[in-house]
1. So, in region 126-171, how many residues would count as being crowded, with 20+ Cβ neighbours inside 10 Å and either closer than 25 Å to Lys255 by Cα or among the aliphatic types (A, V, I, L, M) (or both)?
2. Would you point out which residue out of Pro196, Pro238 is assigned to a loop (DSSP other than H, G, I, E, B) and open to solvent by less than 60 Å² (accessible area, probe 1.4 Å)?
3. Might you check whether a residue that is away from the ligand (no atom under 16 Å from the Cβ), outside any loop (DSSP other than H, G, I, E, B) and either within 25 Å of Tyr245 (Cβ to Cβ) or open to solvent by 10 Å² or more (accessible area, probe 1.4 Å) (or both) occurs anywhere in region 75-90?
4. Taking Leu226 as the residue in question, decide whether it is within 20 Å of the chain's Cα centre (by Cα), aliphatic (A, V, I, L, M) and surrounded by 15 or more Cβ atoms within 10 Å (Cβ to Cβ).
5. Tyr61 fails exactly one of the following numbered conditions: (1) assigned to a helix (DSSP H, G or I); (2) within 14 Å of the ligand (Cβ to nearest atom); (3) open to solvent by less than 10 Å² (accessible area, probe 1.4 Å); (4) modelled with pLDDT of 95 or more. What is the number of that condition?
6. What are the residues in region 253-276 that are at pLDDT 95 or above and part of a loop (DSSP other than H, G, I, E, B), if any?
7. Mind listing whichever residues of region 252-279 are charged (D, E, K, R) and over 19 Å from Gln72 (Cβ atoms)?
8. When you scan region 254-263, how many residues do you find that are in contact (Cβ under 8 Å) with a residue 24 or more places away in the chain and open to solvent by less than 60 Å² (accessible area, probe 1.4 Å)?
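The values are calculated or read from the model by the stated rules, or taken from the named source; none is laboratory data. None of the values given here were measured: they were computed from a predicted structure. Backbone-built Cβ (ideal geometry, glycine too); neighbour counts: all protein chains shown. Only protein heavy atoms, including side chains, enter the accessible area calculation; ligands, DNA and RNA are left aside. Shrake-Rupley method; radii C 1.70, N 1.55, O 1.52, S 1.80 Å.
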Amino acid sequence: MGMSEQEKLCNRPIGVFDSGVGGLTVAREIMRQLPNERIVYFGDTARVPYGSKSKDTVTKYSRQIVRFLQTQDVKAIVAACNTASAYALDELEQETDVPIIGVVKPGAKAAIEATRNGKIGVIATEATVSSGIYNRYIKENDENVTVLSKACPLFVPLVEEGLWEDPVTDEIAERYLTELIDVGIDTLILGCTHYPMIRAAIGRIMGESVTLVNPAYETARELKQLLHDNGLESGHRPGLGTELYRFFVSDAADKFQKFANSILTYGILSAKVIAIDKY
Ligand code: DGL
């Protein structure tokens, strides 16, 4: 018996994208929480970082990536990048006919649930902080909550250099985070895809009484719900011969692969370079 149209639809992969390697922390959560789902990941390694670029540029890049992912026949898309979610998600949602979610809303929601004293901190790239988006989402949900945001631009290069457990990272973290401790936040959103990798260092500085929210975890949960609500869940693990995860980048596939293997327990077979500006 052949596969029904609905089954075919459910067997299509999830598109996940980021400015580079950071979104792998989100892909990893999706792999853990939705093991039946196939993933097509795109990392924009030629144009990273997004966190210091303008809204127009980030939107243009994100749009090209969404077009590419649609050529891969994806059934849903996850903007696994805080900066792209902050700057481009509204436009992308309007233009795209497959469901698309970002990482900001799920992170904001989790933080509201976690806070007890109504003081939430957000650490992110300069772009995400200046977009004010975490602030907006949180206030929309609960106007009594105070939000303090802090850009931490040095964290991304520290993570990419592999200095996850290093006195330099602890020192920089202390400089960035002291003001958040001083205002007495009890919840801190790791509002950039790279930050979960230095969660231990951030936790050491903030102390045990501060809850760290990883939007990657919440995003995978929201994706699960979205697939369920739209009848798009894959009911079984894809058959033999079907590639579960595929990776594409815009440059430097070897470097990406090495980094990916330090994050994902699943060893990635290969990453393919594509010309993203053609899309
Ligand atoms: N992925 C980006 C984010 O989550 C961080 C890296 C970048 O600046 O491109 O905001």
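1. Looking only at that region, the number is 12.
2. Numbers: Pro196 fails: assigned to a loop (DSSP other than H, G, I, E, B).
Result: Pro238 is the single residue among Pro196, Pro238 that is assigned to a loop (DSSP other than H, G, I, E, B) and open to solvent by less than 60 Å² (accessible area, probe 1.4 Å).
3. The initial filter retains those residues of region 75-90 that are away from the ligand (no atom under 16 Å from the Cβ), namely 75-76, 90.
From what is left, the residues that are outside any loop (DSSP other than H, G, I, E, B) are 76, 90.
Now restrict to residues that are either within 25 Å of Tyr245 (Cβ to Cβ) or open to solvent by 10 Å² or more (accessible area, probe 1.4 Å) (or both): 76, 90.
Within region 75-90 (the criterion being away from the ligand (no atom under 16 Å from the Cβ), outside any loop (DSSP other than H, G, I, E, B) and either within 25 Å of Tyr245 (Cβ to Cβ) or open to solvent by 10 Å² or more (accessible area, probe 1.4 Å) (or both)), the answer is yes, since at least one residue qualifies.
4. On the way: within 20 Å of the chain's Cα centre (by Cα): yes; aliphatic (A, V, I, L, M): yes; surrounded by 15 or more Cβ atoms within 10 Å (Cβ to Cβ): yes.
Here the answer is yes, as Leu226 does meet what is asked.
5. Condition (3) is where Tyr61 drops out.
6. Across region 253-276, the qualifying residues are Ile274, Ala275.
7. Within region 252-279, Asp254, Lys255, Lys258 qualify.
8. Applying the first criterion (in contact (Cβ under 8 Å) with a residue 24 or more places away in the chain) to region 254-263 yields 255-256, 259-260, 262-263.
Cutting the leftovers down to open to solvent by less than 60 Å² (accessible area, probe 1.4 Å) gives us 256, 259-260, 263.
Total meeting the criteria: 4.
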